[in-house]
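Scroll down for the structure; my scribbles are underneath it.
What follows draws every value from the coordinates through simple rules; no lab data is involved. In this text, all values refer to a predicted model and were calculated from it rather than measured experimentally. Cβ sites come from the backbone with ideal geometry, for glycine too, and all protein chains shown count toward neighbours.
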Amino acid sequence: MVRYCLAFYLALLTQTTVWGVELPPAAEKQIDFQRDIFPLLEAKCHDCHGEFGQEGNFRLDRKSSVLRGGDSGEPGIVIGKSEESHLIRLVAGLEADLRMPPDADDALNDQEIALLRAWIDQDAPWPGPHGVVEEEKRTTDHWAFQPVVPIEVPQVESDWARNPIDHFILAKLNERGLQPNPVADRRTLVRRLSLDLLGLPVAPDAMKSYLRDEDPDATDRIIHQMLESPYFGQRWATHWLDLVRFAETHGFETNRERPNAWRYRDYVVRAFNEDMPYDQFIREQIAGDSFDAPIAMGYLVAGPYDQVKSPDVNLTLMQRQNELDDIINTTSTAFLGLTVGCARCHNHKFDPILQTDYYSMQAIFAGVNHGDMNLPLSEEAQQKVQTLRSKVAQLEIELSPFVARVDGGRFVLIDDDPQNAGEAVKRLSEIAGVGSNRKGKARGQANDSGDTNQSPNVSGGKYSWWKHQADKAVFAWAPQATGKYRIWLSWGCGYDTHCQDAQYVIDRDGDPSTHGDWEEIAIVNQQHFANGEVSLKNEPLWSGFFNAAVATLDSDDQILLVGGSTGSALTADVLLLEHVQDLDEKTSPQPIFREALDPAGNVERIEAQEAKYVRFVIEATNRGNPCLDELAIYSGDQNVGLADQGGVPTASGSLKGHPIHKLKHINDGRYSNDFSWIADSKTGWVQIELPQTYMIDRIEWSRDQEGKYTDRLATLYRIETSLDGMQWRTVAHSSDRLPTAAPTMPAEKIYRFDHLPAEQAAAGKAWLDELQHVQTQLKSASKPDRVYSGTYKQPGPTHRLYRGEPLEKREQVPPNAPEIFTSLPLAADSSEADRRKELAQWIASPENPLTARVMVNRLWQFHFGKGLVDTPSDFGAAGIPPTHPGLLDWLAAELIRNDWSLKYIHRLILQSATYQQSSRPNSAGLKVDGGTEFLWRYPPHRLEAEPIRDSILAVSGVLDLSMGGPGFSAFQVEAENVRHYHPKKSFGPEDWRRMVYMTKVRMEKDAVFGQFDCPDAATSIAKRTRSTTPLQALNLFNSPFLLQQAELFAQRLKNEAAQPEAQIALAIELCYGRPPTQQEQDTSHEFIQQQGLTAFCRALLNSNEFLFIQ
């Protein structure tokens, strides 16, 4: 109660005071708007917030505007709640850096504030037309927000134009009195095409073939060949990966690797090569789980991720806000050319994007988290798994006569930790500590899987210990078991300080303080293993099980651990009770368990018997309501319980409202969580009625054979059979299995051959060897690939945050797109996947005014070095308007009309006279349009880092063009908790792949080519800068990589051309795509004689003609 009152007081204090400024109380009178409020607003507010001026877009002369608020994103008033109203906080000076009116002389006094408060608390009546509140649809006349409509192609008189693009360009040139350049020469053009489309120089043979082809369609044909080349996707993927801030490390201070992120890069390469429709490309990246493309969602989590969380809740919340901000920013800029991120703290300053729009988009992505996801197995892999499973099943049938049968069958396993065992254990004295078994497979270590003479470590990897006191009971196991049991003890061993004569007794009256009823069952040396072996390594080990006694127990009996007379430490670990029926049966040296439960599949081998009904009864799970994806009943090698064989399932109850979880899936022959049954309560049963009575000998069941899900696993169960559905017989149960956390049970514990004739034993061992081999193959084949595509969960409510502060929650907002464009059909509780799917559908819609415009502009930008809109990720009011708005809209309409084919737009651009014209300058053009905005010539520009590096490798003859898979690193990685990336100083063939396959390290750049304006992947990059710095020249001239490549280039020339003249001609052909002039031949020959062929190659690789697209 005290805590509640204090919290209430603090909340009230923060609402009514800031830095000692108190909020005056509301006036205690009935307010008349015309008398009390309107004169006040008119005198104090309307000069800055009236009809003729609205600072901060906050208008106070209309009630609807007051309710909506201004650029801050806050509603002006909250009806009935003056203390929460932004207007009151502003006029009272409760906002640290804002006050209305700003001049102290004009400030409202306490009485005036009290009137405003009372008016708001009385529901803010506002008579007259200005008090009418109607729902207002926000509108805008900004060009980019208008629908894409058909555009008429300008009519121009010219033989120069080759397609409609040229008509738009010529119309603008004619307005400025400019003439376009003539077509480029064929060598220049094909080199331009190759570097632009493939990022590689033209091979001499390809150049010769093109030059010999005099067909007028020869250029169109080579454009088609290049667009169909697999190297096209590698080149153009780089542009997209810049946009989506892709990298293969997390960034921030630890900058750990993302070893499975490369699959998204390969997805992008493949999408561009296959000309995936751009609308599909969008949908898959935002909502790939709804479109069978989980790899594509690597886009959502391609950005930086801070793994180091702060203990400060505000900082942790801010980290999460920053993660979501990264996704919102990238999605809005990359796909829409909108800077929605500017509305995180207030309404957008330039565009009609509200703060509520920002948080509505956040609600869409609120369930996205960084991490790896398992990929579904391919059809081929599933077939392989099914084949291997069938082979395993057949071998298990062959081996069934060799199964080591459980004597007695039912076990009760009781841990020493009260958190696990609950009321089944009691600490009678305070423990001194806990001993933890080291990870490892050695005897007694945590992962000890046991052998034919000892059990696997089922202790959970730890034991309790006490300071030893002679004859004092320190611990009690209270199993509440009734019947005859073999008692198996275990303890912590391995130290010479442990008690050598620890006592275990049965306490018959359940009262440890009375000793007269104690029955001693064992005295053990806790320094040794249970079988008497000694291993005093001063390492905490598990003893294994010791067969203490067979005793008849009542429900009140306890088993006590009592100190002896030696040692300084006494230990307790797991105790096992094995129910026995016949004392004359031979006893195994260790309890015989079946293998631990496996969510991916379990086999219940039973004595062959007739059955018409099989029931699976679940009494407990590891978490949640029970779930099975399949229950299979075998007669020999035939699954006789399948639905298509006539098996009829029934259940105690089935979870409703989930289409993937249906009773019919229990025997439909399909596996995975997507085809499973879930009970409607924590316990339950499911059964199959067979079409006839069968002799059955095996039952198989699984939670999720794909291995994705491990929750809802039945941990306490029994399987029953019946002939009539009335009388049931238990044929299998969970109490003879290892705990689910135990190490894998060795095959030697499951099968026994030592009691058989040699020939029969040899056959059994051969089958076992084959089974183990096939199981290894099955484990490998069943292991799903992983991709860094995020993890997803249903989010809670999303609130607008005042000034973007995580602890300043305002009203809840539903998932939605920006209000100015649309309203998505989503409720506040819509599923996480549906939120992203609806957003993706809207972005990819032909009706979206931005999507197609933004993408065709990007294609134009990457072909010409500059977009029609020179702010390619900002099509808003703060962006630069298009130089050719008609052309932009015509291209956007063409993209949509041609099924969103990007290659169609590429082809239009590449086949245009605008693209194919010469890049030569002329004085008239430079005078009017020095920046080539209106494209009177092709604008030459320097290559980016990737084609520079790839071209160097290509001309030196060592470029590895292999596609896909994990990349290569440009760094030597110092693998500490905080990763350190040191640039490589030597290079080999593994480093000679294309640069798109260089592992992208966030915030680090390749030592040589990173200087050529490579982005650091901290944020989305729409347009790389093109700087010219001394470091670029120094690295390109003196780096070990360049020196090595110059030597390899020289060696290639020697191998392919015998004479210096031929070597010079080949070198210039490889680098420039043309033969040398006579002057170049002479000058080069003289240089080689003085400096050598390697120095000549080095000079060519540093030349402007090599580094520029002309």
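Summary table
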{"quantity": "Cut-off under 5 Å, modelled amide H: who pairs with ASP785 long-range", "calculated": "LEU375"}
{"quantity": "Theoretical gain in end-to-end length, GLU610 to ALA522 [0.36 nm per residue, Cα-Cα removed]", "calculated": "27.2 nm"}
{"quantity": "Correct option for volume of the Cα convex hull per residue in Å³ [calculated from the coordinates] among [x] 280; [y] 197; [z] 298", "calculated": "[x]"}
{"quantity": "³J(HN,Hα) computed for each position of region 176-193 - Karplus, 6.51 cos²θ - 1.76 cosθ + 1.60, integer Hz, glycine/proline x", "calculated": "9, x, 10, 10, x, 6, x, 4, 5, 5, 5, 5, 4, 5, 6, 5, 4, 4"}
{"quantity": "Ranking of ILE113, ILE523, ILE414, ILE353 by count of other Cβ atoms within 10 Å, fewest first", "calculated": "ILE523, ILE414, ILE113, ILE353"}
{"quantity": "Modelled FRET efficiency - R0 51 Å, ARG438 with LEU1043, Cβ distances, 0.05 increments", "calculated": "0.50"}
{"quantity": "Rounded if a/c under 1.5, otherwise prolate or oblate - region 1042-1109, Cα gyration tensor axes", "calculated": "rounded"}
{"quantity": "Calculated from backbone phi, Karplus (6.51, -1.76, 1.60) coupling profile of region 297-304 in Hz, x at Gly/Pro", "calculated": "6, x, 4, 4, 10, 6, x, x"}
{"quantity": "For GLN527, net neighbour charge (Lys/Arg +1, Asp/Glu -1) across residues whose Cβ lies under 15 Å away", "calculated": "-3"}
{"quantity": "Nitroxide proxy distance, nm - points 7 Å out along Cα→Cβ at THR650 and GLU1086", "calculated": "10.3"}
{"quantity": "Helical contribution to [θ] at 222 nm, DSSP H n ≥ 4, -39,500 (n - 2.57), averaged over the chain, rounded to 500", "calculated": "-9500 deg cm²/dmol"}
{"quantity": "Additional length obtainable on full extension of the chain from ARG1024 to VAL308, 0.36 nm per residue less Cα span", "calculated": "254.7 nm"}
{"quantity": "In degrees, nearest ten, helix 278-287 long axis to first principal axis of the chain (Cα)", "calculated": "40"}
{"quantity": "Three-way shape call for region 23-131 based on the alpha-carbon gyration tensor, with the a/c threshold at 1.5", "calculated": "rounded"}
{"quantity": "Span from the region 850-888 Cα centroid across to the region 181-223 one, whole angstrom", "calculated": "27"}
{"quantity": "Whole-Hz ³J(HN,Hα) from phi, Karplus 6.51 cos²θ - 1.76 cosθ + 1.60, for region 420-425, glycine and proline x", "calculated": "8, 8, x, 6, 7, 9"}
{"quantity": "Hull volume in cubic angstrom per residue (convex hull over the Cα atoms of region 894-981)", "calculated": "250"}
{"quantity": "Sum of side-chain charges, THR356 neighbourhood, beta-carbon under 10 Å (Lys, Arg +1; Asp, Glu -1)", "calculated": "-1"}
{"quantity": "Residue order, fewest to most surrounding Cβ atoms within 10 angstrom, among LEU536, LEU200, LEU895", "calculated": "LEU536, LEU200, LEU895"}
{"quantity": "Förster-model FRET efficiency, 22 Å R0, ARG786 and THR254, C-beta, rounded to 0.05", "calculated": "0.65"}
{"quantity": "Formal net charge of residues neighbouring ALA877 (Cβ-Cβ distance under 12 Å; K, R +1; D, E -1)", "calculated": "-2"}
{"quantity": "Efficiency of FRET from Cβ geometry, SER923 and ALA766, R₀ 60 Å, rounded to 0.05", "calculated": "0.10"}
{"quantity": "Approximate spin-label separation SER555-ASP451, in nm, with each point projected 7 Å along Cα-to-Cβ", "calculated": "4.4"}
{"quantity": "For region 485-600: relative contact order, % (alpha-carbon pairs under 8 angstrom, 6 or more apart)", "calculated": "41"}
{"quantity": "Residues whose placed amide H lies under 5 Å from that of LEU200, excluding near-sequence neighbours", "calculated": "LEU195"}
{"quantity": "Extension gain (nm, one decimal) between HIS980 and ALA1095, 0.36 nm per residue minus Cα-Cα", "calculated": "38.0 nm"}
{"quantity": "Label-point gap, in nm, between ASP32 and THR139 - each point 7 angstrom along Cα→Cβ", "calculated": "3.8"}
{"quantity": "Neighbour-count order for PHE593, PHE1037, fewest beta carbons within 10 angstrom listed first", "calculated": "PHE1037, PHE593"}
{"quantity": "Per DSSP, loop GluC sites (Glu not before Pro) in region 919-1009 with at most 16 further Cβ within 10 Å", "calculated": "GLU933, GLU976"}
{"quantity": "Cut-off under 5 Å, modelled amide H: who pairs with SER543 long-range", "calculated": "TRP491, CYS493"}
